1. Which of rounded, prolate or oblate describes the stretch 245-334 when judged by the alpha-carbon gyration tensor and an a/c cut-off of 1.5?
2. What list do you get for 37, 312 if you sort them by fewest beta carbons within 10 Å?
3. For the stretch 51-126, just the Cα set please: Rg and Dmax, both in angstrom.
4. Arranged by the count of other C-beta atoms within 10 angstrom, fewest first, what order do 183, 319 take?
5. Apply 1/(1 + (r/R0)^6) to the Cβ-Cβ distance of residue 199 and residue 93, taking R0 = 56 Å, and write down the FRET efficiency to the nearest 0.05.
6. Relative to the longest principal axis of the C-alpha atoms of the chain, give the angle of the C-alpha long axis of helix 3-15, reported between 0 and 90° and rounded to the nearest 10°.
């Protein structure tokens, strides 16, 4: 038996993978053994100890999102106002932290301008988008877009995510508010608005995440997760709807593109009895799901993806993934008992 086959077999035993009927709750895993999750070419060894810190000194609340900066460091956004942003090296060693002003810190996006890194942070409690330097110096703030005529007051605007184009323009997804997508230029000046709440092709129920897709250089587009609908939607840069990609059973958070693949944290399994029923999902350039760490192996019938669901009680409300330059994955988790991120090492 090959080492890879052995690791796979031993990990399935230690994880207690489901062989019983759908959504059985009899699953667990042994943290003392090597645990391998995922499918096909995207398989990972689980590290539950990565990034663990002293919670009395550097506490976290909801760990919402993570990115890797140009120096290779891993940045975590949490809505704990003692330290909203925690900076690690790739080994999980603490470097620094900052931030006491983002009680609804939710979206974290890296912006590269003239060789310098900046951050875009969305805060749904402040009803704002804030641009900062990596060490926390404020560059600008954007309040609710009253000029669109889509909002009566700031409380209706609860932004969850941003994405940045190569020219510096950026888009904001109002995933917890009125579900519109706003397009701004690099100065923060509004250019366009589209979307809104609803079930039509160009609308959303929980426009939770957004990302720029430049994999096809001749046809760049936007990928926007309609999380409550279990759908990933594609739009052109002017806001015109192109297509929907169903992911049955998966409440997907923001899309994260690395090389040719799209990665997602899945907050929960739609029909699972336990609320903390999340997992991860990886989709290739043909919009095919190829791996679901912590969940069922993806399968298709007549071109339609079968419903996905958690099979391993490994993740608790995973909310975002960060893929580093070695193709390892870091998982930030919401409402998970103030836990630090989980690292998955690619094998």
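1. In terms of gyration-tensor shape, oblate.
2. Starting with the residue having the fewest Cβ neighbours, the order is 312, 37.
3. In order Rg, Dmax, the Cα atoms of the stretch 51-126 give 12.0, 38 Å.
4. Taking fewest neighbouring Cβ atoms as first place, the list is 183, 319.
5. The computed FRET efficiency comes out at 0.75.
6. 80 degrees
Read the figures in this text as sums done on the coordinates, not as results from a lab. Since this is a predicted model, take the numbers as computed values, not measurements. Cβ sites come from the backbone with ideal geometry, for glycine too, and all protein chains shown count toward neighbours.
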